[in-house]
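Working notes for the structure below.
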Amino acid sequence: MMVDFKKSEDDLKMQYKAKFQMDRSFKWIVLLLSLLFVSQTVYAQSGLTPQEYLKLKSVSGATTSPDGNFIAYTISVRRPATEKPGYAYNELWVYDVKAKKPRPFITGKVTIRGVAWKPDGSGISFLSRRNGNRYTQIYSIALDGGEAQALTDFDYSVSSYQWQPGSDNLAFLATEPSSKREQILRKKGYDFIFFEENLRHRNLYLYNPAAGRLEQLTNDRTVWSFKFSPNGKVIAFTASEKNLIDQRYAFQQIYTLDLVTKSSIVCVTESRKFGNYAISPDGSKLAYAAALSKNDNAVSQAFVVSLVDGSEKKLTNSAFRGHVNWLSWKDNKTLFIYAQEGAEATLSTQAVNGAAAKIILHSLDAKAVFNPPSISGNKKTFAFTADSPNYPRELFLWQKGKKLQRLTVTNPQLKDFSLGKQEVISYKARDGWEIEGVLIYPVGFEKGRRYPLVLLIHGGPESRIANGWLTNYSRPGQILAGKGYAVFYPNYRASTGYGVKFAAAGFHDAAGKEFDDIADGIDYLVAQGIADKERVGLGGGSYGGFASAWFATYYTRYVKAVCMFVGISDLISKRGTTDIPYEELLVHSGDKLENMWQQSLKRSPIYYAHQSKTATLIYGGTADTRVHPSQSLEFYRRLKMNDHPAARLVQYPGERHGNRRQTGQIDVLYRILDWYDWYVKDLHPLDGPMPPLDISEKYGIALP
């Protein structure tokens, strides 16, 4: 039998060719699958980007129903870049506690606030502007759904309201409308400003929607807030002589108004900063949260005053290393107390006889920093908003004896991003004081490697950084961490959450130990081997903007770049242009300007502008009354007149003390990231070109 070697050879070649192609195809499949896996892994491990941050939502408020079976809550949704400038939308949702399900009630392009339950729990009321109404009114919607109905239709806006217990009446606050004569003069162009004169009070009214019956309860003072007694027969309210924000901070008193006799009395006469307050179930006592004195910079203590004989008791221990911010009655003898303790939060019970407070819920155990709760009528259901290092505010439920439960996942996409590890750290200041702060490590942090560092400084200074979600448009912590930065938020002296003594350390000492603490934090992070000493940036708003300007000038050796947002540059002119001059005097400077000219001058960044070697981005709104835009202009002028090569001033028309419209927020976010990358990460020279001025291609809108 003859063998066809030629055919066999051809067959063999074909077999090898087929096998080769199969092997090659298999290898390509393996390679493609590997690449796909790698790409998915890289995507899952990528840091949070500005584009993705701008898509995040947050739960902005929560209110439990009287029976505790439902929670009405709002979700804040940022406007997209393509829409006309405006504030974030605020949607209304309801969570069914028994069914464990959320339900959208009013969503889309709506702005809802002031959510409350009707006393019988049959429906939800809220404040909004609907159907083209130019004024904010009160609306209600039934729990079983349907269309929202207007409860009020006034020719002025309602600023806040409450249901009267046991009735269908509403009490609300509204500013007196302009007179017909004033309206006519305004239309004719005679709309002159009589500065801090010709003011109109915010009055308290009682209204029955069914009967259309309106009763004005106050007329000779401005009412800032109010609270019904549990039986609905008395209203406690805070008020001042004039309708000025400075009066609210510095000159409020607490009154009670008997709705039967219509008589009112002052029950707390000492003016200072007040938090919330409540009348006991039996009507005999008023509990309130307030500053310790007129010189205490923030609400820090719990007090109880007798409505029978006027006697008063301070419940907070003088050595308490925290700040009491809120309280509510559990029963006639016991209060619920919410407090900031360092970077954490606690809920406690406090006996009015002065016994020590007992913590019943701690944010460390909950692994989320919660806000003051909304409590059901039976005191068994607590609704919270809370956030953590890993997510913005969500809705939470707590029932005594159980763990805090997270009810919503508003941003499921966050699981696709790697976030920088976040932890609370502490260090010794140069004079031995213990200073705390929150550090976010760079995504993919490697021990032993030094990273560029950005410090983000809170305002106030009567504020603090909690160990929760810390990323926003002006302090983009996790976005910076995703770009390879270490990010530090120091709770420098004068911050809240660490007791009255700590908060008072900045009194009469602006830019003193406060900002030394920040410099010591930089030294500490360098000594720990985390931060690259040659690549440090710093930014913040308001008092944080003051710190930014201070580090651009006095402490210029520490930082390559700063971002100064609505910041202070001249303590002398600031005191003459702010809308809170008495608050500034009482809780910050501590003396009249005439007695501290030289100290104010030498604690002003403009005094050191000539020595700046720091790239300085200055930005803020043109309508800011808290820190006047002239503070930014003065600082820019002093830098430029000293031939500073890297100073830029950006102003946002119509914005006040912080940007609320999405357009200004988007620009700030991208602009400060560019500034840090340019001068801190990439170390562009100070005397070279600045980052691009026009960054509109990053906004996410199509231009013709």
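The values are calculated or read from the model by the stated rules, or taken from the named source; none is laboratory data. Remember, predicted model here, so these are calculated numbers, not experimental data. Here the Cβ positions follow ideal geometry from the backbone for every residue, glycine too, while neighbour counts run over all protein chains shown.
So which of LYS109, LYS101 is among the charged types (D, E, K, R), modelled with pLDDT of 95 or more and over 24 Å from the mean Cα position of the chain (by Cα)?
Answer to the check: LYS101.
Among the residues of the range 180-187, is there at least one that is outside any helix (DSSP H, G or I) and either under 33 Å from the mean Cα position of the chain (by Cα) or farther than 26 Å from SER225 by Cα (or both)?
Keep residues of the range 180-187 that are outside any helix (DSSP H, G or I), which gives none.
No, the range 180-187 contains no residue that is outside any helix (DSSP H, G or I) and either under 33 Å from the mean Cα position of the chain (by Cα) or farther than 26 Å from SER225 by Cα (or both).
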Given the condition without any contact (Cβ under 8 Å) to a residue 24 or more places away in the chain and on the phi < 0 side of the Ramachandran plot, answer yes or no: does some residue in the range 647-663 qualify? no
Entirely in the range 343-410, the strands (runs of 3 or more DSSP E) that have 1 or more residues that are closer than 30 Å to GLY477 by Cβ, free of Cβ contacts under 8 Å to residues at least 60 places away in the same chain and in contact with a Ser or Thr (Cβ under 9 Å, 6 or more places away or on another chain): 344-351, 358-362, 391-399
Look through the range 290-315, keep the residues that are hydroxyl-bearing (Ser, Thr, Tyr) and closer than 22 Å to GLU583 by Cβ, and return whichever of them is surrounded by the most Cβ atoms within 10 Å (Cβ to Cβ). SER300
Flag if GLY664 is modelled with pLDDT of 95 or more, of a type outside the set (S, T, N, Q) and outside any helix (DSSP H, G or I): no
The listed residue being over 21 Å from the mean Cα position of the chain (by Cα) and surrounded by 24 or more Cβ atoms within 10 Å (Cβ to Cβ), out of GLY567, GLY521: GLY521
Selection from the range 220-230 of residues modelled with pLDDT of 95 or more and either part of a loop (DSSP other than H, G, I, E, B) or not polar (S, T, N, Q) (or both) yields ARG221, VAL223, TRP224, PHE226, LYS227, PHE228, SER229, PRO230
Right, ALA505: under 21 Å from GLY437 (Cα atoms) and in a loop (DSSP other than H, G, I, E, B) or not? no
Suppose we filter the range 446-494 for residues that are assigned to a loop (DSSP other than H, G, I, E, B) and closer than 20 Å to CYS563 by Cβ; how many remain? 15
Only unsatisfied item for ALA510, checking (1) of a type in the set (A, V, I, L, M); (2) in a helix (DSSP H, G or I); (3) more than 20 Å from TYR619 (Cα to Cα), is (2)
Just one of the numbered conditions (1) over 25 Å from ASP677 (Cα atoms); (2) surrounded by fewer than 24 Cβ atoms within 10 Å (Cβ to Cβ); (3) in contact with a helix residue (DSSP H, G or I) (Cβ under 7 Å, 6 or more places away or on another chain) is not true of LYS613; which one? (1)
Residues in the range 149-171: is at least one more than 21 Å from ILE112 (Cβ to Cβ), among the hydrophobic types (A, V, I, L, M, F, W, C) and without any contact (Cβ under 8 Å) to a residue 60 or more places away in the chain? no
Failed item in (1) exposed (fewer than 14 other Cβ atoms within 10 Å of the Cβ); (2) touching a Ser or Thr at 6+ places or on another chain (Cβ under 9 Å), with ARG202 passing the rest: (1)
Scanning the range 68-92 for residues that are of a type outside the set (Phe, Trp, Tyr) and either part of a strand (DSSP E or B) or touching a Ser or Thr at 6+ places or on another chain (Cβ under 6 Å) (or both) gives GLY68, ILE71, ALA72, THR74, ILE75, SER76, VAL77, PRO85, ALA88, ASN90, GLU91, LEU92
Per the filter on the range 231-255, residues outside any strand (DSSP E or B) and under 18 Å from SER167 (Cβ atoms) are ASN231, GLY232, LYS233
If you take the residues in the range 433-460 that are of a type in the set (Gly, Ala, Ser) and within 23 Å of the chain's Cα centre (by Cα), which one is nearest to ALA527 (Cα to Cα)? GLY437
